[in-house]
Amino acid sequence: MLIHPNDRILFTGDSITDCGRVRDNATHLGFGYAAFVAARLQAYLASPELQIFNRGISGNRAGHLLDRVEPDLLALKPTVISILIGINDVWRRYDSKDPTSVETYEKNYRAILEKIRDNLDARVVLLEPFLLHVPEDRYTWREDLNPKLDAMRRLAVEFGTELIPLDGLFAKAATQAPAGYWAADGVHPSAAGHALIAKAWLENADLG
């Protein structure tokens, strides 16, 4: 994925992307991987024309992101869109007894990608939702997450997007340091976990 000095890059998704961004500051990037990526791009490209936005919202599922495609995605007219969404579609089954079926997740995600395709000339990168097995009850979440991962991988092929395999990358990282080092609750990354995501995103980018 080629990044141009005059790109408008949008990061969107749930709390992992949100990561404490100041909502009333339209250019605030939060304190996680989106900010890490932005800092590296800004330093490397040294371009005042490069614009980077964060529109992640904590707690969002794919259906919530679909509901805000027009005000939060299309209205910004990004040339690059980075999406990380799906772990809340899994989590709410276990903490709220409010599951999202694989079919609904795939339908909502497809609708998001269709709206982007039909309204923007944008490069799209999909980041896999991921899960580390800490605490131990997270093992049971695999039965819900894995089919959703398969669905979004199919969508990446169907829509010709970039795909960053975060679930595998975090699994590999957990062989190098304990899972809790990367994400204490198995979901929300530590600073090291955010740096891991940023590293993978930048390695997927072609800075020319």
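A short reminder: the numbers here are calculations on the coordinates, not readings from a lab. Everything quoted here is computed from the prediction, not taken from an experiment. We place every Cβ from the backbone using ideal geometry, glycine too, and count neighbours over all the protein chains shown.
Among the listed pairs Lys107/Lys148; Lys97/Lys172; Lys148/Lys199, those with a Cα-Cα distance over 20 Å are Lys97/Lys172; Lys148/Lys199.
Taken about its Cα centre, the chain carries a charge dipole of about 180 debye when Lys and Arg each add +1 at the Cβ and Asp and Glu each add -1 at the Cβ. Give me D for the chain in µm² s⁻¹, whole number, from Stokes-Einstein with Rh from the Kirkwood sum over alpha-carbon pairs, 10 °C and 1.306 mPa s. Diffusion coefficient, whole number: 93 µm²/s.
Compactness ratio for the range 133-208: Cα radius of gyration over 2.2 N^0.38 Å (N = residue count) comes to 1.21. What you get for the range 108-208, charging only the Cβ of Lys and Arg (+1) and of Asp and Glu (-1), is a dipole of about 80 debye around the Cα centre. Rg ratio for the range 38-128: its Cα radius of gyration over 2.2 N^0.38 Å, N being its residue count, equals 1.22. Straight-line reach from Lys115: taking Cα to Cα under 15 Å and skipping same-chain neighbours fewer than 8 places apart, the aspartates and glutamates in range are Asp67, Glu70, Asp72, Glu106, Glu158.
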